[in-house]
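Working notes, structure below.
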Amino acid sequence: MRVAVIVDDLDPARRRKCFWDEQLTSIPDLQVELVSLQANMEARLFFNIYAYDVVIFNWCVLDGAVMYAADRAQDILAFYDDHFIQFVRRGGVVIMENQPKRWRPAQRAYDILFPGQMAVLSRETYPFGSTVQVNARLREHPIVQGVAAPIHSAYSQPPGTSWFPPGSTSVRSIEELNPTKMYTGAFQSWSKEWLPLLYTEDRQNPVMLVKSEGLGLWVVTTMYIASSNVHDLVESLVVGARNHRTAIRNFHMAEKSKRRVRVLTSSAVIFVVAVGLFLLLQSGLLKSKVPYGDTWAGNISVSVLFAALASGATFLRGFLILTWRAARNR
């Protein structure tokens, strides 16, 4: 299996740190190659994405930072976006780590390949954490099925390890580094074809979205997957996503069918309740005097009736909330 990791620069002294080579060299039968889109353009070399099985965007490589020519990387990707789309449709896997500007996800980076499909939290909101939660509703998804949850960062780099070339970034960026983090920022909305697999520690917003397209898979995150050093997750994303493409595609198709059924069921329940209420009002039963209403037996009957109605309303409310969340892929 051939894996390409897209980085800022092929010179380790000039690029932001890549943790993928350490993570992937321990996995057998993998050929890993670091690729710089900028270096390829300077050498007039076409990046033949079809020669690989998995392509990974290293953290920040598309954040637009002029210092690392990430603005140029954005332009290159925007020009060749159709090749990445065809690559996935033919069975390839694309994994995107967090693309933040000063640790806040940059919307522009995600819009290049996925315009209008997802939105990150505003820059004023800065959630970060060293633990992610698996979406309980999607626990059987092949990517997370065999990964223990919750997932905790196992960052193992020596203290003082630099993520940046010396003198290339601001003091503020270094102060906010928080090296043991698994994510910074999150997604606030996404289109229905995406499934939110992993969430922030408080389960409020997803940090990993996945979409099956054609024969392949997109994995888009606000996470630092490789630096978190969670081998099971890395292997599942890189090897499992490729080897279990059929199972993943079937899972996504099944989820799509489930959403349709939930929406139809919810609509049917609302219709039945509305018709029942209309007939009840038309019958005049709600206005009629309850037999033995002035006795203890009558009072108990009325109390039981109202309790049943209240319980039914509570159940219906919960059912509708769950249906709405499922329809929105929450």
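Show me the strands (runs of 3 or more DSSP E) found entirely inside the range 178-222 where at least 3 residues are in the same structural domain as GLY160 (by TED's automatic domain parsing), in contact with a helix residue (DSSP H, G or I) (Cβ under 9 Å, 6 or more places away or on another chain) and under 17 Å from VAL88 (Cα atoms).
Numbers: elements: 187-190, 195-199, 206-213, 216-221.
Passing ranges, in order: 206-213, 216-221.
Determine whether SER228 is among the polar types (S, T, N, Q), part of a strand (DSSP E or B), over 16 Å from VAL54 (Cβ atoms) and touching a residue at least 24 places away in the same chain (Cβ under 8 Å).
no
Could you tell me whether ALA154 is within 28 Å of TYR68 (Cα to Cα), at pLDDT 95 or above, of a type in the set (Gly, Ala, Ser) and surrounded by fewer than 16 Cβ atoms within 10 Å (Cβ to Cβ)? Walk me through how you get there before you give the answer.
Working: within 28 Å of TYR68 (Cα to Cα): yes; at pLDDT 95 or above: yes; of a type in the set (Gly, Ala, Ser): yes; surrounded by fewer than 16 Cβ atoms within 10 Å (Cβ to Cβ): yes.
So ALA154 passes the test.
Within 17 Å of the chain's Cα centre (by Cα) and not β-branched (Val, Ile, Thr) - does that describe any residue in the range 78-94?
no
How many residues does the range 1-31 contain that are surrounded by fewer than 20 Cβ atoms within 10 Å (Cβ to Cβ) and either in contact with a Lys or Arg (Cβ under 6 Å, 6 or more places away or on another chain) or not charged (D, E, K, R) (or both)?
11
Before we move on, is GLN31 polar (S, T, N, Q) and over 21 Å from TYR183 (Cβ atoms)? Step through it out loud before you land on a result.
Values: polar (S, T, N, Q): yes; over 21 Å from TYR183 (Cβ atoms): yes.
Yes, satisfied.
With the structure loaded, tell me whether PRO159 is closer than 28 Å to GLU175 by Cα, surrounded by fewer than 18 Cβ atoms within 10 Å (Cβ to Cβ), at pLDDT below 95 and not hydroxyl-bearing (Ser, Thr, Tyr) or whether it fails that test. Break it down stepwise before answering.
Working: closer than 28 Å to GLU175 by Cα: yes; surrounded by fewer than 18 Cβ atoms within 10 Å (Cβ to Cβ): yes; at pLDDT below 95: yes; not hydroxyl-bearing (Ser, Thr, Tyr): yes.
Considered against the rule, which asks whether it is closer than 28 Å to GLU175 by Cα, surrounded by fewer than 18 Cβ atoms within 10 Å (Cβ to Cβ), at pLDDT below 95 and not hydroxyl-bearing (Ser, Thr, Tyr), PRO159 comes out as yes.
What are the pairs with Cβ atoms under 6 angstrom where one residue, in the range 15-32, is under 15 Å from SER236 (Cα atoms) and the other, located anywhere, is in a loop (DSSP other than H, G, I, E, B)? Sequence gap at least six, or different chains.
Qualifying pairs under 6 Å: TRP20/ALA226; GLN23/ALA226; LEU24/LEU30; LEU30/MET1.
Across the range 182-221, what is the total count of residues that are crowded, with 24+ Cβ neighbours inside 10 Å, among the hydroxyl-bearing types (Ser, Thr, Tyr) and under 8 Å from the mean Cα position of the chain (by Cα)?
Residues in the range 182-221 being crowded, with 24+ Cβ neighbours inside 10 Å, among the hydroxyl-bearing types (Ser, Thr, Tyr) and under 8 Å from the mean Cα position of the chain (by Cα): 1 in total.
Filter the range 83-134 down to the residues that are of a type in the set (Lys, Arg) and outside any helix (DSSP H, G or I), then identify the one that is farthest from ILE174 (Cα to Cα).
From the range 83-134, those of a type in the set (Lys, Arg) are 89-90, 101-102, 104, 108, 123; that's our starting set.
Right, trim to outside any helix (DSSP H, G or I) and you get 90, 101-102, 104, 123.
Details: ARG90: 40, LYS101: 13, ARG102: 9, ARG104: 14, ARG123: 18 Å.
So the residue we want is ARG90.
Just give me the residues in the range 42-71 being without any contact (Cβ under 8 Å) to a residue 24 or more places away in the chain and in a loop (DSSP other than H, G, I, E, B), in sequence order.
Answer for the range 42-71, where residues must be without any contact (Cβ under 8 Å) to a residue 24 or more places away in the chain and in a loop (DSSP other than H, G, I, E, B): ALA43, ARG44, LEU45, PHE46, ASN48.
For every residue, the table says whether it meets (1) basic (Lys, Arg); (2) within 17 Å of the chain's Cα centre (by Cα); (3) farther than 15 Å from MET182 by Cα.
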residue: ALA106; (1), (2), (3): no, yes, yes
residue: ALA109; (1), (2), (3): no, yes, yes
residue: PHE114; (1), (2), (3): no, yes, yes
residue: GLN117; (1), (2), (3): no, yes, yes
residue: VAL120; (1), (2), (3): no, yes, yes
residue: GLU124; (1), (2), (3): no, no, yes
residue: ILE151; (1), (2), (3): no, yes, no
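Could you tell me how many of the residues in the range 135-147 are out of contact with any Ser or Thr (no Cβ under 7 Å at 6 or more places or on another chain), assigned to a loop (DSSP other than H, G, I, E, B) and either among the hydroxyl-bearing types (Ser, Thr, Tyr) or surrounded by fewer than 16 Cβ atoms within 10 Å (Cβ to Cβ) (or both)?
Number of matching residues: 3.
Could you list all residues from the range 106-128 that are closer than 11 Å to THR222 by Cα and modelled with pLDDT under 95?
Answer for the range 106-128, where residues must be closer than 11 Å to THR222 by Cα and modelled with pLDDT under 95: PRO127, PHE128.
The values are calculated or read from the model by the stated rules, or taken from the named source; none is laboratory data. The model shown is predicted, which means the values in this text are computed figures rather than measured ones. Cβ coordinates were reconstructed from backbone atoms using ideal geometry, including for glycine residues, and neighbour counts include every protein chain displayed.
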